[in-house]
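Report on one structure; see the data block that follows.
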Amino acid sequence: MARKKQPEKGPNHERWLVSYGDFITLLFAVFVTLYAMSQIDIQKFDEVAASYRDAFSVTSSGQTDKKLIPKTDVISIPQVNISPIPYAQYRTTPSAANRQDGKALFASKEDCRAIMEALRKKLAAIGAAGSVNVSMGARGLVVALQSSAFFEPGKGTLNAASSRVLTLIAGSLSPYANLISCEGHTDDTPLSSPVFSSNWELSAARAASVAHSLAENDNFQPERLSISGYGQYRPVADNNSEEGRQQNGRVEIILLDKGGSVREETTGESGTIRQPPPL
């Protein structure tokens, strides 16, 4: 005789109570643990602290009377001065060629005027007076090299004929400790060159070439030199004429006064330096 099939049980809608009961139990355990951790046994805490003080021989004042590392294991390291030389020291510690009685030789305004007169005579003697203009400015002595005489059009490297003139200029400036700023300028002719994207890059490259040439001379300190390129934005003449464009294309070698700054705007005897247009 076949067994009777038991009727299927309906779904239990109270199974969630099991999970809920587990959750409540765990939550109770967490709060019990937190409560237990918040209660500190002062006596046991003091005993542990005392054992640590004992182990490290620390007195009640916080000082230790026991050397943790034996003295024989300590190796003294000699002190080495690795601090960088202050920039200002370059202006007061030139090489022996720039010293007199232990003091640095800085060219005063009177010295700059004497250098200007001597340079003009030397340049005239070698036939370079027409391509180099020597004048006095508010910052110091200004030696302006005409770009057309020292560089090929659109080029940033000096030509072969420039070596003699720059050697003469370097010899006149090297006995002094004044800082020297090499500043490149161009006219406003648009530049078409695969090397330079604008007249800024060209003027900076020409200033760098002049600085490198000066630094290659004996007894000349490269740390005195700085370079900058102004492109066509500081003309000294009108760019509407060929003569004006030749005056604007120049590299100025400026022997700065003792307190001179490469950031000062000046007006020299050769013309007025105009401010660049606002960006």
_Ranked 116, 136, criterion: other C-beta atoms within 10 Å, fewest first_ = 136, 116
*Neighbour-count order for 257, 218, fewest beta carbons within 10 angstrom listed first*: 218, 257
*Note down the net charge around residue 246, summing +1 for each Lys or Arg and -1 for each Asp or Glu among other residues with Cβ under 15 Å from its Cβ.*
-4
_Per-residue ³J(HN,Hα) for the stretch 236-251, Karplus 6.51 cos²θ - 1.76 cosθ + 1.60, θ = phi - 60°, Hz, x for Gly and Pro_ = 10, 8, 7, 7, 7, 10, 5, 5, x, 5, 5, 5, 6, x, 7, 10
*Could I have the simple spin-label model distance between residue 44 and residue 243, label points 7 Å from Cα toward Cβ, reported in nm to one decimal?*
10.3 nm
*For residue 114 and residue 218, what does the FRET efficiency come to when R0 = 22 Å and r is the distance between their Cβ atoms, rounded to the nearest 0.05?*
0.50
_Contour minus Cα-Cα distance for residue 228 and residue 26 (0.36 nm per residue)_ = 65.3 nm
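No lab work stands behind these numbers, since they all come straight from the coordinates. This one's a predicted model, so the numbers in the text were calculated from it and none came from an experiment. Cβ atoms come from the backbone with ideal geometry, glycine included; neighbour counts cover every protein chain shown.
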